[in-house]
Amino acid sequence: MSRVAKANVTIPAGVDVSFNGSQVNVKGSGGALSLNQNALVKISNNEGKLSFEPVNDSREANAMSGTMRQLVNNMVVGVSKGFEKKLNLVGVGFKASASGAKLNLAIGFSHPVNFEMPAGITVACPSATEIVIKGADRQAVGQLAAEIRAVRPPEPYKGKGIRYSDEKVVIKETKKK
């Protein structure tokens, strides 16, 4: 059995997990998320703890049991605590501003770059060079952060661009004559 799937998912107070046919629904203070249940994994609820077991002894069922456990755990953590990604803008004149569900970036192009936030995701700019993306869906938060970073990734000679707050950019040495 998968090592990840051996650990049970504890359901905190205020979070409701329900099974509707082949759907797993999780509701909490942070929102509601749903996921299609895989046929190779059997999920059971034992007094506030979810356990995941493969249906048969195949390699795919074993792998999917760990995957389903982690996906459901991310849903439970997302609706109770939420997820966030922080981005920093490095460069002269680079700035970001958030208004409602829009993010406006001025990052050295001849035109401003605008992003519309999908439903369930909020964006904030504590300062002109910081972006904080928050939401209950871990995959959506990470994907949006990656798309924003891809507009202007850090370049290797001066380090200018958009980077994650915990990212280390290795600066290359310039050519010598």
Matching residues in the stretch 1-26 - criterion: being modelled with pLDDT of 90 or more, exposed (fewer than 14 other Cβ atoms within 10 Å of the Cβ) and part of a loop (DSSP other than H, G, I, E, B): PRO12, ALA13, GLY14
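Here's the yes/no breakdown for (1) in contact with a Lys or Arg (Cβ under 8 Å, 6 or more places away or on another chain); (2) outside any helix (DSSP H, G or I); (3) not assigned by TED's automatic domain parsing to the domain that holds VAL26:
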{"residue": "ALA119", "(1), (2), (3)": "no, yes, yes"}
{"residue": "SER127", "(1), (2), (3)": "no, yes, yes"}
{"residue": "ILE133", "(1), (2), (3)": "yes, yes, yes"}
{"residue": "GLY142", "(1), (2), (3)": "yes, no, yes"}
{"residue": "ALA145", "(1), (2), (3)": "yes, no, yes"}
{"residue": "ILE148", "(1), (2), (3)": "no, no, yes"}
{"residue": "GLU155", "(1), (2), (3)": "no, yes, yes"}
{"residue": "LYS158", "(1), (2), (3)": "no, yes, yes"}
Qualifying strands (runs of 3 or more DSSP E) (wholly inside the stretch 67-108; at least 3 residues being crowded, with 19+ Cβ neighbours inside 10 Å): 83-90
Yes/no for ALA136 being under 30 Å from ASP16 (Cα atoms) and either touching a helix residue (DSSP H, G or I) at 6+ places or on another chain (Cβ under 9 Å) or surrounded by fewer than 19 Cβ atoms within 10 Å (Cβ to Cβ) (or both): yes
Hey, ASN36 exposed (fewer than 12 other Cβ atoms within 10 Å of the Cβ), modelled with pLDDT of 90 or more and within 24 Å of GLY135 (Cβ to Cβ) or not: yes
Candidate set from the stretch 115-130 (those that are of a type in the set (A, V, I, L, M, F, W, C) and surrounded by fewer than 17 Cβ atoms within 10 Å (Cβ to Cβ)); member that is modelled with the lowest pLDDT: ALA119
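Has the stretch 80-97 got at least one residue that is more than 30 Å from PRO156 (Cα to Cα) and either hydrophobic (A, V, I, L, M, F, W, C) or free of Cβ contacts under 8 Å to residues at least 40 places away in the same chain (or both)? First the steps, then the outcome.
Taking the stretch 80-97 and keeping what is more than 30 Å from PRO156 (Cα to Cα), we get 80-82.
Restricting the remaining residues to those that are either hydrophobic (A, V, I, L, M, F, W, C) or free of Cβ contacts under 8 Å to residues at least 40 places away in the same chain (or both) gives none.
So far as the stretch 80-97 goes, no, none of its residues is more than 30 Å from PRO156 (Cα to Cα) and either hydrophobic (A, V, I, L, M, F, W, C) or free of Cβ contacts under 8 Å to residues at least 40 places away in the same chain (or both).
The values are calculated or read from the model by the stated rules, or taken from the named source; none is laboratory data. Because the structure is predicted, anything quoted here is derived from the model rather than measured. Note that each Cβ is placed from the backbone with ideal geometry, even for glycine, and that neighbours are counted across all protein chains shown.
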